[in-house]
1. All but one of (1) within 16 Å of the ligand (Cβ to nearest atom); (2) touching a helix residue (DSSP H, G or I) at 6+ places or on another chain (Cβ under 7 Å); (3) within 23 Å of A377 (Cα to Cα) hold for V303, so report the exception by its number.
2. On the basis of being in a loop (DSSP other than H, G, I, E, B), surrounded by fewer than 21 Cβ atoms within 10 Å (Cβ to Cβ) and small (G, A, S), does G365 make the cut?
3. Name every residue in the range 351-401 that is among the aliphatic types (A, V, I, L, M) and over 23 Å from L39 (Cα atoms), in order of residue number.
4. If R352 satisfies all but one of (1) away from the ligand (no atom under 11 Å from the Cβ); (2) surrounded by fewer than 17 Cβ atoms within 10 Å (Cβ to Cβ); (3) among the charged types (D, E, K, R), what's the number of the condition it fails?
5. Among the numbered criteria (1) open to solvent by less than 10 Å² (accessible area, probe 1.4 Å); (2) within 18 Å of F19 (Cβ to Cβ), which one does Y189 miss?
6. Quick one: what pairs do we get from the range 267-294, first residue among the basic types (K, R), second in a strand (DSSP E or B) and away from the ligand (no atom under 16 Å from the Cβ), C-beta under 8 Å, 6+ apart or different chains?
7. Between a residue in the range 340-353 that is within 12 Å of T298 (Cβ to Cβ) and any residue that is in a loop (DSSP other than H, G, I, E, B) and within 6 Å of the ligand (Cβ to nearest atom), which pairs come within a Cβ distance under 6 Å, given they are 6 or more apart or on different chains?
8. Considering each residue of the range 219-254, count those that are within 9 Å of the ligand (Cβ to nearest atom), closer than 17 Å to D264 by Cα and either open to solvent by less than 20 Å² (accessible area, probe 1.4 Å) or not assigned by TED's automatic domain parsing to the domain that holds G340 (or both), and give that number.
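The values are calculated or read from the model by the stated rules, or taken from the named source; none is laboratory data. Remember, predicted model here, so these are calculated numbers, not experimental data. Cβ placement follows ideal geometry from the backbone for every residue including glycine, while neighbour counts extend to all protein chains displayed. These accessible areas exclude ligands, DNA and RNA; they are computed on the full protein's heavy atoms, side chains included. Shrake-Rupley method; radii C 1.70, N 1.55, O 1.52, S 1.80 Å.
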Amino acid sequence: MTIDKYNFAGKKAIVRVDFNVPLDENGNITDDTRIRGALPTLEKILNDGGSLIIMSHMGKPKGKVNAKYSLGQIKDAVAKALGRDVKFAPDCANAAEAAANLKPGEVLLLENLRFYPEEEGKPVGIDKEDPAYDEAKKAMKKSQKEFAKTLASYADVYVNDAFGTAHRKHASTAVIADNFDADNKMLGYLMEKEVKAVDNILSDIKRPFTAIMGGSKVSTKIGIIENLMDKVDNLILCGGMTYTFAKAQGGHIGLSLCEDDKLDLALEIMAKAKEKGVNLVLGTDCVAGDAFSNDCNTQICNVMDIPEGWEGLDAGPETCKRFAEVIKPAKTILWNGPAGVFEFDNFAKGSRAIAEAIVEATNNGAFSLVGGGDSVACVNKFGLADQVSYVSTGGGALLEAIEGKVLPGVAAIKGE
Ligand code: AMP
């Protein structure tokens, strides 16, 4: 079923959202993007005349009640965003009565799902090495099913709009779906958009396809790099990874970030790109600093020849020019990970050059997806987030989807 086709009139809908919003020390929300992101789905249900049960996790309370992570703190913000009252159920597994009493147009917010270990389904207080672990895991999976069944019993229909946790097989993100038939479970609007964006990158590709992978390490991006190698025309590898590649080719990289145990991997990636006809683009020059700080002394160096005591902290001017040349004609673009230490204003030029080239390509008709933590922070910092095609809300979920993995949260609904 799709959310657009469903008529929620007179129905009770239980919706998994990602309201894991950042709070300051006084419990005030510092960024409400995630609440705003879920509004189209929540409003559709209420405007149809349905009643709404909202469930989410917040933080990592590890299966225990912890006031610091109570969703009670965000109840008023949710009410304000929806423009109507929100009731609160202080125990998510004992909310049957509150759910039953909901009238059309009314909203019930459940307390943090992760106050119960059953949500994540990991046995607590037992080590993986313990001989009794397997038994404990089996027992936990059984109680996870029961927990999911309890949540499901509150509602007629299940909607998953929490892309941020779609890569987890938790009670509320996947297991619960087994309690609803195909006509009464669906993805929310945000999830649909995220899934479509990933599809544009992995299946419905307009060429040339340029992927830009940056950030600090090769090791955390290797799964994605390998999956993309079969799909992209151009692969730009930048950021801290640059220096592992430079050293692998015999370069002198001074104090630059380097994964010494990944030098062979870097050479393998280069060989694979050649074999597959992928245009692998690596930085040739960099802005090096004599300390890891915004105000250190800088010089432009060849990445193969960085003086002792200096480290590459951003892409150099020649590299920025080359990156922009490759990005601008692209028709499909994926960007994950900055080209330098963009948090320091003096080392944000490389990332800015990438962001600006992506915007230009997008204006010329490219589909551009920016996602995964720091690149989102980059486009926000440069004020360019609304000038790319899509900024993903998912960190781990987006990366796993791009690696080609099936997301349990999507599979539970679509049955893939
Ligand atoms: P990741 O979490 O792997 O995507 O890496 C993001 C982080 O990489 C950001 O905090 C950047 O500051 C950092 N980064 C990017 N380029 C460099 C570099 N040349 N040296 C050190 N850190 C870098």
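1. Status for V303: all satisfied but (3).
2. Values: in a loop (DSSP other than H, G, I, E, B): yes; surrounded by fewer than 21 Cβ atoms within 10 Å (Cβ to Cβ): yes; small (G, A, S): yes.
In short, yes.
3. A353, I354, A355, A357, I358, V359, A361, A366, L399, A401
4. Evaluating R352 over (1) away from the ligand (no atom under 11 Å from the Cβ); (2) surrounded by fewer than 17 Cβ atoms within 10 Å (Cβ to Cβ); (3) among the charged types (D, E, K, R) leaves (2) as the failure.
5. Here Y189 clears every test but (1).
6. Here the result reads K274/L280, each pair linking the range 267-294 to a residue that is in a strand (DSSP E or B) and away from the ligand (no atom under 16 Å from the Cβ).
7. The qualifying pairs are F347/G340; F347/V341.
8. 4
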